[in-house]
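FYI, it's all coordinate maths here, none of it is from the lab. Remember, predicted model here, so these are calculated numbers, not experimental data. Methodologically, a virtual Cβ is constructed for each residue, glycine included, from the backbone with ideal geometry; neighbour enumeration extends over all protein chains shown.
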Amino acid sequence: MDKKNIDWGNLGFGYMPTEWRYVANYTDGKWDAGGLTDQSTITITECAGVLQYAQTCFEGLKAYTTEDGRIVCFRPDLNAARMADSCRQLKMPVFPEEKFLEAVIETVRANKEWVPPFGSGATLYIRPYMFGSSAVIGVKPADEYQFRVFVTPVGPYFKGGVKPLTLRISDLDRAAPRGTGHIKAGLNYAMSLYNIVDAHEQGYDENVYVDSATRTHIEETGGANIIFITRDGKLVTPKSDTILPSITRRSLLQVAKDYLGMEVEEREVRLDELDQFTECGLCGTAAVISPVGTIVDHGREINYAGFGPTIQKLYDTLTGIQMGRIEAPAGWIQVIE
Ligand SMILES: *Cc1c(COP(=O)(O)O)cnc(C)c1O
């Protein structure tokens, strides 16, 4: 198998179409057989549910090459389950979880020349998504849907070294209580764009959202969960019904307990206790953990150790498990080839 002739180490995080993607259509109340296509463009009615009322959700995971040359992905069953939850909340038909796994595996296999080699730091990003494709003008769920998976190679996250992030406590809200903060819906991102562009213009990397009911507790950023380390080496992460359940964060909690013997606490984290922590990191599929250097809360500045010793240990252990250097808990590594 020949790899594509790409400068893997210098890839950014952008869309680069590959040869194959997966498509399945839902019509007359059922999914068709689904399969691969080389068509990267989609033709739908101007009145499609996704275009008029944003009926769409997505997932994100990655395939990569382990030290011993296997192509694998990390806990894709949890992406399948989370997408099913998103679909139920948006009144979209669930794409069966088994079929979701098959679609991911089939799409990666068909594009295996695009899976970056071990050691490059690059990965093949996998994007499953679904949208309402039939015409909807009165507000209701669409009758027809399309499920798709495409892949695109993305570069190493920490290219040119790690620069700890500077975050600000946001004045705008991300998720209402009993709203849609816990699902991976496009609408959660559309409403965050104004605020992220503003944050960048003001010199911040990300917005930290607080609970919108009381504005006293930390939730997450626009696209990543947040973890803290206490002075005595405990891992603390916010607990709330309006946070997206990150697979990386859930995995890190288990790694902290079972591999590093750490104490972990999932609980409300108050804004006024941010200075009680020594390390802070954002977690998500793309970077695993991005170290945080500073959180600015309206003139109050709290500093953290960046890649401090504990965050570094968590990062090394989880990426070691992903790369096959450390034995993984049963079921965490899905071998594709
Ligand atoms: C996708 C996402 C995350 C990270 O989840 P992972 O499963 O770890 O990639 C965190 N927060 C939000 C809002 C997300 O959409």
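Key figures for this structure:
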read-out	value
Contact order relative to length of the range 1-159, as percent, for alpha carbon pairs under 8 angstrom and 6 or more apart	38
Dipole magnitude of the chain about its Cα centre (Cβ charges: Lys, Arg +1; Asp, Glu -1), debye to nearest 20	220
3J(HN,Hα) from dihedral phi, the range 100-109, Karplus parametrisation 6.51/-1.76/1.60, rounded to Hz, x for glycine, proline	4, 5, 4, 5, 4, 5, 4, 5, 5, 4
222 nm mean residue ellipticity, helices alone, for the chain (DSSP H n ≥ 4; -39,500 (n - 2.57); rounded to 500)	-6500 deg cm²/dmol
Separation of alpha-carbon centers, the range 258-317 and the range 93-110, rounded to whole Å	34
FRET efficiency estimate (nearest 0.05) - Cβ-Cβ, LYS30 to ARG325, R0 51 angstrom	0.70
Length gained when the stretch THR43-ASP272 is fully extended (0.36 nm per residue, less Cα-Cα span)	77.4 nm
At R0 = 51 Å, FRET efficiency that the Cβ-Cβ distance of ASP2 and ARG215 yields, to 0.05	0.40
Distance between the range 1-80 and the range 323-337 - C-alpha centres, whole angstrom	22
Label-point gap, in nm, between ARG300 and GLU19 - each point 7 angstrom along Cα→Cβ	5.7
Label-point gap, in nm, between ASP198 and LYS159 - each point 7 angstrom along Cα→Cβ	3.0
Over the chain, relative contact order from alpha-carbon pairs under 8 Å, at least 6 apart, %	19
